[in-house]
Amino acid sequence: MKKWVVLLMLLCVSGLFLPCEAQQIMYANLRELVECEGDTVTTLRVERRSRNQILLMGGGDYRIEAVENRGLNRYLRKRCYAVRIDTALYVNCRKMRYKRYRFGNCYAAAMHVGDKFYFCAQPVGQAATSTAQSPDATKLGGEVGDAIAASALVAARVFYEINPETGRAEFVGKDKMMALLEGYPDLQANLRLEQSEAADVMVRYLQALQRLGE
């Protein structure tokens, strides 16, 4: 009898340390994402794309695929709006628009702050590319300058806010962030001292808003 009790205890304890599958949820559109009403799956795999892949083909930083499921892969590429894997959120760049600009294919990392969603992607359009313009490209000009600028943009990232009414992206520069920080004068004072609108700067203020909203 004692042996059975010990065995059951060992099984219970070992069960606590069994690896758990990540929670994976797909959202078909912005409404589902806002309302957290997606479809749960178990076969998704996230792959970080290389700098060369992004330079050659453009698009987001991540590729999300379903293991051995071609139909689901097509859905992920063309129709899926966003994917949540545990606490990480990714939006499909194919669904994003900034003015008349597109972001290409694959997925970008995103954040949920208050009732808005923000994603991190390459600068596009004049308002955003000014944050990542290489001085070397300006000096050289021509094809060489264009190549340097393109290479710089591969590594550059800025944040965009998804408009909940239109679904379009809005660039999160200092002016936009200053408005988001309304009511937090200390954070606004720190933002005025910043020299960049790049993602690694803006993420600190988005994270601060996240904490303040908890």
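The values are calculated or read from the model by the stated rules, or taken from the named source; none is laboratory data. Just so you know, these numbers come straight off a predicted model, no measurement behind them. In this analysis, Cβ positions are derived from the backbone assuming ideal geometry, glycine residues included, and neighbour counts consider all displayed protein chains. To get the accessible areas, we keep the full protein, side chains included, count just its heavy atoms, and leave off ligands, DNA and RNA. Shrake-Rupley method; radii C 1.70, N 1.55, O 1.52, S 1.80 Å.
Residues that are closer than 13 Å to VAL91 by Cα, not acidic (Asp, Glu) and not in a loop (DSSP other than H, G, I, E, B) within region 32-65 comprise LEU33, VAL34, VAL46, TYR62, ARG63, ILE64, listed in sequence order.
Scanning region 164-193 for residues that are part of a loop (DSSP other than H, G, I, E, B), open to solvent by less than 50 Å² (accessible area, probe 1.4 Å) and modelled with pLDDT of 95 or more yields VAL172, LEU181.
What is the residue count in region 48-77 for residues that are loosely packed, with under 12 Cβ neighbours inside 10 Å and closer than 25 Å to ALA156 by Cα? Don't jump to the end; show me each part of the working.
Applying the first criterion (loosely packed, with under 12 Cβ neighbours inside 10 Å) to region 48-77 yields 48, 50-52, 56-57, 67-68, 70-71.
With the extra rule that they be closer than 25 Å to ALA156 by Cα, the set shrinks to 48, 50-52, 56-57.
Going through region 48-77 one residue at a time, the tally reaches 6.
Considering the conditions (1) modelled with pLDDT of 95 or more; (2) over 30 Å from ARG211 (Cβ atoms); (3) in contact with a helix residue (DSSP H, G or I) (Cβ under 9 Å, 6 or more places away or on another chain), CYS80 is excluded by exactly one of them, (2). The set of residues in region 78-119 that are part of a strand (DSSP E or B), buried (at least 16 other Cβ atoms within 10 Å of the Cβ) and of a type in the set (Gly, Ala, Ser) comprises ALA82, ALA108, ALA109, ALA110.
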